[in-house]
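Just so you know, all these numbers are worked out from the coordinates, no wet-lab data involved. Just so you know, these numbers come straight off a predicted model, no measurement behind them. Neighbour counts run over all protein chains shown; Cβ positions are idealised from the backbone, glycine included.
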Amino acid sequence: MRVFVAGGTGVIGRQLVPRLVARGHQVTATTTNATRLEMLRKLGANGVVMDGLDAVAVGEAVAAARPDAIVHQMTGLSEAHAGKPNMRRPDRFFAITNRLRGEGTDHLLAAAAATGVATFVAQSAAIFSGIRVASSVKTEQDPLDEVAGTEAINHLEGVVVKAGGAVLRYGGLYGPGATDDQVKLVRKRLYPLVGGGTGYFSWVHTGDAASATVLAVEQKARGVFNIVDDEPAPVSQWLPHLAECAGAKPPRRLPAWLARMLAGEMMVDMMTNKGRGFANAKAKRELGWQLRYPSWRDGFREEFACPACEANDPDTTADDASRRNNRS
Ligand SMILES: NC(=O)c1ccc[n+]([C@@H]2O[C@H](COP(=O)([O-])OP(=O)(O)OC[C@H]3O[C@@H](n4cnc5c(N)ncnc54)[C@H](OP(=O)(O)O)[C@@H]3O)[C@@H](O)[C@H]2O)c1
């Protein structure tokens, strides 16, 4: 297939493009920054500079690529686009991402319609917005809550499903480059466990997220899929494990009222009983998705391990070390 990846340089795009190329697809991938074209070339794609908020530029780039499938991976969550992370002002931090999920999606869908592209796969999120009632783990049937900063997600999901495309709700991403900022904070003990850490959360490795995306493209999937690992877990379980894997001391504890003042409502919500996890049965069943890292327990150990913590970890085997060295 000819596949157009809008946003090929992000943490998902960098895993997705080489997987598509390895499967024999011809990939055109975009960046807003001409200095990143060389990265896209090395990943095996034909790189194109495109601003996803410019309808004309999107129409021209898609028409020139003549794709069979379009994959929307455009967000503006890195410091380059969003500035320093500030969860006390989600409206500012998510402003560009919201526009890319809103106008950006509309521009890509219009380009798909204009050029007769039938297969459309878009990134959504299974992190902050699991509906905050009843069970701790949500399926695709459950609606999303409209959380500050994520307002455009419902728009994206609605228009993509209506157009016959697939929406992939990725869990919290970890993998090469995906959690560098968080891990730095954990190592400095500046990523505290808030309240009882009872909020649920779902993780997924970027490589697994990319492999699910390849399946969605190749199978011309339709509808919503949770792309998360097998083990939704409360923060009180995964955060200390992350710290241990990263060779850090256990996280400090912070009462919710103080965390609210220091880090804002969104952080407190995620870490306390409003946080929700997501279930992946549908993606496994319908896409035939198999995860390389079914649990963050093993994934974190491989991703964040340092020689010092390995020496202290009786479960770390030579096989773990060699897999880590060989991971893509
Ligand atoms: N579900 C999740 O947990 C989730 C989802 C996504 C990201 N994140 C996190 O957010 C952080 C940053 O993510 P990221 O590295 O993928 O970076 P990002 O800055 O969000 O960029 C993602 C992609 O969108 C492109 N892009 C940005 N603005 C654009 C625009 N106006 N028009 C067209 N394309 C545009 C970027 O291209 P250029 O920058 O090359 O122009 C890049 O290819 C990471 O820590 C990641 O783990 C989490």
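When the trypsin sites (Lys or Arg not before Pro) in the stretch 20-64 are filtered for DSSP coil states and for at most 14 other beta-carbon atoms within 10 Å of their beta-carbon, the remaining sites are ARG23.
Among beta bridges identified by DSSP and lying wholly in the chain, the antiparallel ones come to about 10 percent. For the chain, the average shadow cast by the Cα convex hull is 15.7 nm², which is a quarter of the hull's surface. Computed from the Cα positions only, the extents of the stretch 108-208 along the three principal axes stand at 51, 34, 24 Å, in decreasing order. Reported to the nearest whole Å, the Cα centre-to-centre distance from the stretch 152-222 to the stretch 36-103 is 16.
From the square roots a ≥ b ≥ c of the eigenvalues of the alpha-carbon gyration tensor of the stretch 51-169, which class results: rounded (a/c under 1.5), prolate (a/b over b/c), or oblate? It comes out oblate by the Cα gyration axes. Each Lys and Arg adds +1 at its Cβ and each Asp and Glu adds -1 at its Cβ; summed about the Cα centre, the stretch 116-217 shows a dipole of about 380 debye. Here the chain is treated with +1 on each Lys and Arg Cβ and -1 on each Asp and Glu Cβ, and its dipole about the Cα centre works out to around 320 debye.
By the count of neighbouring beta-carbon atoms within 10 Å, fewest first, MET270, MET74, MET87 end up ordered MET87, MET270, MET74. In terms of its C-alpha gyration tensor, the stretch 1-69 has an oblate overall shape, because the principal axis ratio a/c (a ≥ b ≥ c, square roots of the eigenvalues) is not below 1.5 and a/b does not outweigh b/c.
Helical content of the chain, expressed as a calculated mean residue ellipticity at 222 nm, amounts to -11500 deg cm²/dmol (DSSP H runs of 4 or more residues, -39,500 (n - 2.57) each, divided by residue number, nearest 500). In the stretch 19-162, Cα pairs under 8 Å separated by at least six residues give a relative contact order of 22 percent.
The fewest-to-most ranking of ASP230, ASP142 by surrounding Cβ atoms within 10 Å reads ASP230, ASP142.
Only Cα pairs under 8 Å and 6+ residues apart enter the sum, and on that basis the relative contact order of the chain stands at 17 percent. With a/c under 1.5 counting as rounded, go ahead and sort the stretch 220-313 into rounded, prolate or oblate using the C-alpha gyration tensor (a ≥ b ≥ c being the square roots of the eigenvalues; past the cut-off, prolate if a/b is larger than b/c, else oblate). It is oblate, given that a/c is not under 1.5 and a/b is not larger than b/c. This ranking places TRP289, TRP203, TRP238 by how few other beta-carbon atoms lie within 10 Å of each, fewest first, which gives TRP289, TRP238, TRP203.
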